[in-house]
1. How much length, in nm to one decimal, is gained on full extension between Gln164 and Asp113, taken as 0.36 nm per residue of separation minus their Cα-Cα distance?
2. With a ≥ b ≥ c taken as the square roots of the eigenvalues of the C-alpha gyration tensor of the stretch 3-69, please select rounded if a/c is under 1.5 and otherwise prolate if a/b is larger than b/c or oblate if it is not?
3. Add +1 for every Lys or Arg and -1 for every Asp or Glu among the other residues with Cβ under 12 Å from the Cβ of Phe175, and state the total.
4. Put +1 on the Cβ of every Lys and Arg and -1 on every Asp and Glu Cβ in the stretch 4-190; which of Phe175, Ser93, Ser12 then has its Cα farthest towards the positive end of the dipole?
5. Counting only GluC sites (Glu not before Pro) that are in a DSSP loop and have at most 10 other C-beta atoms within 10 Å, tell me the longest site-free stretch of the chain.
6. With charges set only on the Cβ (+1 for Lys and Arg, -1 for Asp and Glu), what does the dipole of the chain come to about its Cα centre, in debye to the nearest 20?
7. What percentage of the solvent-accessible surface of the chain, computed with a 1.4 Å probe over protein heavy atoms, is contributed by carbon and sulfur atoms?
8. Probe of 1.4 angstrom, ligands and nucleic acids ignored: what's the accessible area per residue over the stretch 3-76, in square angstrom?
Amino acid sequence: MLTPAELARDPSPLTRRVTVDGVEVVVRALRPDEGDALTAFVAGLSGTSRRFWHGDTDDAAAAGDWIEAIGRYDKLRLVAEHGGHLAGVADLSFSLPDGYEITRYASYGHPLDPARTVRFGPCVADAWQGRGLAAALLPPAWDAARLFGRDRVVLFGGVHAANQRARRFYRRHGFVEVGAFDDCVDMVLRLPSEGEAQP
Ligand SMILES: CC(C)(COP(=O)(O)OP(=O)(O)OC[C@H]1O[C@@H](n2cnc3c(N)ncnc32)[C@H](O)[C@@H]1OP(=O)(O)O)[C@@H](O)C(=O)NCCC(=O)NCCS
(Lines give C-alpha, C1' and ligand atoms only; values in the text may rest on other atoms or scores of the structure.)
Protein backbone atom coordinates (compact mmCIF):
# COMPACT_ATOMS: atom_id res chain seq x y z
CA MET A 1 0.00 0.00 0.00
CA LEU A 2 1.17 3.53 -0.81
CA THR A 3 2.53 5.78 1.97
CA PRO A 4 2.43 9.61 2.18
CA ALA A 5 6.24 9.64 1.87
CA GLU A 6 6.14 7.67 -1.39
CA LEU A 7 3.47 9.97 -2.73
CA ALA A 8 5.56 13.02 -1.80
CA ARG A 9 8.45 11.60 -3.85
CA ASP A 10 6.22 10.72 -6.81
CA PRO A 11 2.85 12.52 -6.84
CA SER A 12 1.94 11.27 -10.34
CA PRO A 13 -0.61 8.62 -9.19
CA LEU A 14 -2.89 11.41 -7.99
CA THR A 15 -2.15 14.13 -10.55
CA ARG A 16 -4.77 14.91 -13.17
CA ARG A 17 -6.16 17.69 -15.31
CA VAL A 18 -9.85 18.41 -14.97
CA THR A 19 -12.12 20.95 -16.62
CA VAL A 20 -14.15 23.01 -14.14
CA ASP A 21 -16.71 25.45 -15.51
CA GLY A 22 -14.80 25.49 -18.80
CA VAL A 23 -11.39 26.12 -17.18
CA GLU A 24 -8.55 23.59 -16.99
CA VAL A 25 -7.40 22.95 -13.44
CA VAL A 26 -4.64 20.63 -12.21
CA VAL A 27 -5.47 18.50 -9.18
CA ARG A 28 -2.46 17.04 -7.37
CA ALA A 29 -0.77 16.69 -4.01
CA LEU A 30 0.42 19.91 -2.33
CA ARG A 31 4.10 20.60 -3.09
CA PRO A 32 6.77 21.77 -0.61
CA ASP A 33 7.35 24.97 -2.64
CA GLU A 34 3.73 26.11 -2.30
CA GLY A 35 3.82 27.78 1.11
CA ASP A 36 3.19 31.26 -0.32
CA ALA A 37 0.42 30.06 -2.63
CA LEU A 38 -1.26 28.28 0.27
CA THR A 39 -0.93 31.31 2.54
CA ALA A 40 -2.50 33.46 -0.20
CA PHE A 41 -5.33 30.94 -0.59
CA VAL A 42 -6.18 30.96 3.12
CA ALA A 43 -5.74 34.75 3.40
CA GLY A 44 -8.11 35.25 0.44
CA LEU A 45 -11.02 33.35 1.99
CA SER A 46 -14.10 35.36 2.95
CA GLY A 47 -15.15 35.57 6.60
CA THR A 48 -17.86 32.97 6.00
CA SER A 49 -15.59 30.47 4.26
CA ARG A 50 -12.93 30.98 6.91
CA ARG A 51 -15.41 30.39 9.73
CA PHE A 52 -16.55 27.13 8.14
CA TRP A 53 -13.02 26.08 7.26
CA HIS A 54 -10.61 26.65 10.10
CA GLY A 55 -11.57 29.77 12.04
CA ASP A 56 -9.01 32.35 13.07
CA THR A 57 -5.77 30.40 12.75
CA ASP A 58 -2.86 32.53 11.49
CA ASP A 59 -2.73 32.12 7.69
CA ALA A 60 1.04 31.67 7.27
CA ALA A 61 1.21 29.35 10.30
CA ALA A 62 -1.63 27.20 8.96
CA ALA A 63 0.07 26.99 5.55
CA GLY A 64 3.42 26.24 7.20
CA ASP A 65 1.90 23.33 9.13
CA TRP A 66 0.59 21.82 5.93
CA ILE A 67 3.91 22.23 4.11
CA GLU A 68 5.82 20.75 7.03
CA ALA A 69 3.52 17.70 7.07
CA ILE A 70 4.08 16.78 3.40
CA GLY A 71 5.15 13.16 3.15
CA ARG A 72 4.91 12.69 6.90
CA TYR A 73 2.53 11.60 9.56
CA ASP A 74 -0.96 10.70 8.44
CA LYS A 75 -1.71 13.66 6.19
CA LEU A 76 -2.33 14.16 2.50
CA ARG A 77 -3.39 17.49 1.05
CA LEU A 78 -4.69 17.77 -2.50
CA VAL A 79 -4.79 21.11 -4.26
CA ALA A 80 -6.56 22.36 -7.36
CA GLU A 81 -4.25 24.78 -9.16
CA HIS A 82 -5.01 27.19 -11.96
CA GLY A 83 -2.46 29.64 -13.36
CA GLY A 84 -0.14 29.33 -10.36
CA HIS A 85 -2.95 30.05 -7.88
CA LEU A 86 -4.70 27.57 -5.62
CA ALA A 87 -8.44 27.43 -6.33
CA GLY A 88 -9.27 24.77 -3.77
CA VAL A 89 -7.82 22.25 -1.34
CA ALA A 90 -8.85 18.91 0.12
CA ASP A 91 -7.52 17.80 3.48
CA LEU A 92 -7.20 14.04 4.02
CA SER A 93 -6.14 12.52 7.31
CA PHE A 94 -5.52 8.81 7.77
CA SER A 95 -5.56 8.74 11.57
CA LEU A 96 -8.45 8.79 14.04
CA PRO A 97 -7.20 10.15 17.37
CA ASP A 98 -9.24 9.36 20.47
CA GLY A 99 -11.64 12.06 21.57
CA TYR A 100 -12.62 13.17 18.08
CA GLU A 101 -14.40 11.41 15.20
CA ILE A 102 -13.81 7.88 16.46
CA THR A 103 -15.27 8.75 19.87
CA ARG A 104 -18.22 10.69 18.48
CA TYR A 105 -19.19 8.04 15.94
CA ALA A 106 -19.03 5.32 18.62
CA SER A 107 -21.43 7.40 20.72
CA TYR A 108 -23.89 7.43 17.78
CA GLY A 109 -23.77 3.61 17.60
CA HIS A 110 -21.80 3.90 14.35
CA PRO A 111 -18.30 2.64 15.24
CA LEU A 112 -15.50 3.48 12.82
CA ASP A 113 -12.78 1.05 11.76
CA PRO A 114 -9.53 3.11 11.87
CA ALA A 115 -7.95 0.88 9.22
CA ARG A 116 -10.75 1.66 6.75
CA THR A 117 -11.58 5.28 7.52
CA VAL A 118 -10.22 8.59 6.23
CA ARG A 119 -11.10 12.07 7.47
CA PHE A 120 -11.88 14.60 4.74
CA GLY A 121 -12.34 18.37 4.51
CA PRO A 122 -12.57 20.45 1.31
CA CYS A 123 -12.28 24.21 0.90
CA VAL A 124 -12.81 26.17 -2.30
CA ALA A 125 -11.77 29.81 -2.89
CA ASP A 126 -14.83 32.04 -2.87
CA ALA A 127 -14.46 33.04 -6.53
CA TRP A 128 -14.58 29.36 -7.45
CA GLN A 129 -17.53 28.29 -5.32
CA GLY A 130 -20.64 27.07 -7.14
CA ARG A 131 -18.69 26.14 -10.27
CA GLY A 132 -18.17 22.46 -9.61
CA LEU A 133 -14.64 22.60 -8.21
CA ALA A 134 -15.34 20.68 -5.00
CA ALA A 135 -17.15 18.05 -7.05
CA ALA A 136 -14.04 17.80 -9.27
CA LEU A 137 -11.85 17.25 -6.20
CA LEU A 138 -13.85 14.22 -5.08
CA PRO A 139 -12.69 11.56 -7.60
CA PRO A 140 -8.97 12.22 -6.91
CA ALA A 141 -9.68 12.38 -3.17
CA TRP A 142 -11.48 9.02 -3.27
CA ASP A 143 -8.68 7.55 -5.39
CA ALA A 144 -6.26 8.73 -2.70
CA ALA A 145 -8.39 7.13 0.01
CA ARG A 146 -8.44 3.84 -1.87
CA LEU A 147 -4.66 4.00 -2.49
CA PHE A 148 -4.31 4.06 1.30
CA GLY A 149 -6.79 1.19 1.68
CA ARG A 150 -9.71 3.31 2.99
CA ASP A 151 -13.35 2.95 1.96
CA ARG A 152 -15.14 5.05 4.60
CA VAL A 153 -14.97 8.84 4.55
CA VAL A 154 -15.95 11.02 7.52
CA LEU A 155 -15.91 14.81 7.68
CA PHE A 156 -12.88 16.19 9.51
CA GLY A 157 -14.41 17.98 12.51
CA GLY A 158 -17.92 17.48 11.10
CA VAL A 159 -19.74 20.18 9.17
CA HIS A 160 -21.15 23.27 10.85
CA ALA A 161 -24.94 22.88 11.14
CA ALA A 162 -25.40 26.33 9.60
CA ASN A 163 -23.26 25.42 6.58
CA GLN A 164 -26.25 24.45 4.46
CA ARG A 165 -24.32 24.70 1.22
CA ALA A 166 -21.74 22.17 2.36
CA ARG A 167 -24.36 19.84 3.87
CA ARG A 168 -26.29 19.84 0.60
CA PHE A 169 -23.05 19.25 -1.32
CA TYR A 170 -22.12 16.26 0.86
CA ARG A 171 -25.63 14.79 0.67
CA ARG A 172 -25.66 15.09 -3.09
CA HIS A 173 -22.39 13.17 -3.19
CA GLY A 174 -23.62 10.27 -1.06
CA PHE A 175 -22.77 11.28 2.51
CA VAL A 176 -25.35 10.55 5.19
CA GLU A 177 -25.77 12.30 8.53
CA VAL A 178 -25.17 10.03 11.50
CA GLY A 179 -25.12 12.39 14.48
CA ALA A 180 -24.64 15.90 15.81
CA PHE A 181 -22.38 17.54 18.39
CA ASP A 182 -22.04 21.15 19.53
CA ASP A 183 -23.04 23.21 16.45
CA CYS A 184 -21.89 20.54 13.99
CA VAL A 185 -23.17 17.50 12.13
CA ASP A 186 -21.22 14.30 11.45
CA MET A 187 -21.57 12.71 8.02
CA VAL A 188 -20.10 9.53 6.57
CA LEU A 189 -19.70 8.17 3.05
CA ARG A 190 -19.18 4.56 2.08
CA LEU A 191 -16.99 4.54 -1.01
CA PRO A 192 -18.28 2.17 -3.65
CA SER A 193 -15.78 -0.50 -4.61
CA GLU A 194 -14.38 -0.45 -8.14
CA GLY A 195 -17.13 -1.11 -10.66
CA GLU A 196 -19.92 -0.70 -8.10
CA ALA A 197 -22.50 2.01 -8.89
CA GLN A 198 -22.33 5.24 -6.86
CA PRO A 199 -24.87 5.22 -4.00
C1 LIG B 1 -18.78 23.56 0.57
C2 LIG B 1 -17.83 23.80 -0.59
C3 LIG B 1 -16.57 22.94 -0.39
C4 LIG B 1 -18.51 23.41 -1.90
O5 LIG B 1 -17.60 23.70 -2.95
P6 LIG B 1 -18.09 24.14 -4.40
O7 LIG B 1 -16.91 24.07 -5.29
O8 LIG B 1 -18.81 25.44 -4.30
O9 LIG B 1 -19.09 22.96 -4.73
P10 LIG B 1 -19.72 22.65 -6.17
O11 LIG B 1 -19.60 23.85 -7.07
O12 LIG B 1 -19.16 21.38 -6.66
O13 LIG B 1 -21.25 22.47 -5.80
C14 LIG B 1 -21.92 23.58 -5.17
C15 LIG B 1 -23.05 24.10 -6.05
O16 LIG B 1 -22.61 24.57 -7.31
C17 LIG B 1 -23.40 23.98 -8.34
N18 LIG B 1 -22.55 23.79 -9.52
C19 LIG B 1 -21.76 22.75 -9.80
N20 LIG B 1 -21.15 22.95 -10.99
C21 LIG B 1 -21.54 24.15 -11.45
C22 LIG B 1 -21.26 24.92 -12.60
N23 LIG B 1 -20.43 24.47 -13.57
N24 LIG B 1 -21.83 26.15 -12.70
C25 LIG B 1 -22.67 26.61 -11.76
N26 LIG B 1 -22.99 25.90 -10.64
C27 LIG B 1 -22.43 24.70 -10.50
C28 LIG B 1 -23.80 22.68 -7.76
O29 LIG B 1 -24.99 22.16 -8.40
C30 LIG B 1 -24.07 23.07 -6.33
O31 LIG B 1 -25.34 23.67 -6.25
P32 LIG B 1 -26.15 23.74 -4.88
O33 LIG B 1 -25.28 24.50 -3.89
O34 LIG B 1 -27.39 24.45 -5.24
O35 LIG B 1 -26.38 22.32 -4.45
C36 LIG B 1 -17.46 25.31 -0.71
O37 LIG B 1 -18.64 26.06 -0.69
C38 LIG B 1 -16.51 25.80 0.38
O39 LIG B 1 -15.32 25.61 0.30
N40 LIG B 1 -17.03 26.50 1.41
C41 LIG B 1 -16.21 27.12 2.45
C42 LIG B 1 -15.46 26.11 3.31
C43 LIG B 1 -16.35 24.98 3.74
O44 LIG B 1 -17.49 25.18 4.15
N45 LIG B 1 -15.81 23.76 3.69
C46 LIG B 1 -16.50 22.57 4.15
C47 LIG B 1 -16.17 22.36 5.61
S48 LIG B 1 -17.07 20.98 6.28
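The values are calculated or read from the model by the stated rules, or taken from the named source; none is laboratory data. Everything numeric here is computed off the predicted structure, so don't read it as measured data. Glycine gets a Cβ as well: all are built from the backbone with ideal geometry, and neighbour counts include every protein chain shown. All accessible areas refer to the heavy atoms of the entire protein, side chains included, with ligands and DNA or RNA removed. Shrake-Rupley method; radii C 1.70, N 1.55, O 1.52, S 1.80 Å.
1. Numbers: separation 51, 0.36 × 51 = 18.36 nm, distance 2.80 nm.
Full extension of this stretch gives 15.6 nm more.
2. oblate
3. Details: positive: Arg152, Arg167, Arg168, Arg171, Arg172, Arg190; negative: Glu177, Asp186.
Cβ neighbours under 12 Å give a net charge of +4.
4. Farthest along the dipole direction, towards plus: Phe175.
5. Numbers: sites that count: Glu194, Glu196.
Free of exposed loop sites, the longest segment is 1-193.
6. Working: 23 positive and 27 negative charges, 124 e Å.
With only Lys, Arg, Asp and Glu charged at Cβ, the dipole is about 600 debye.
7. Numbers: 4940 of 9670 Å².
Within the chain, the accessible surface is 51 percent carbon and sulfur.
8. On the way: 4000 Å² over 74 residues.
That works out to 54 Å² per residue.
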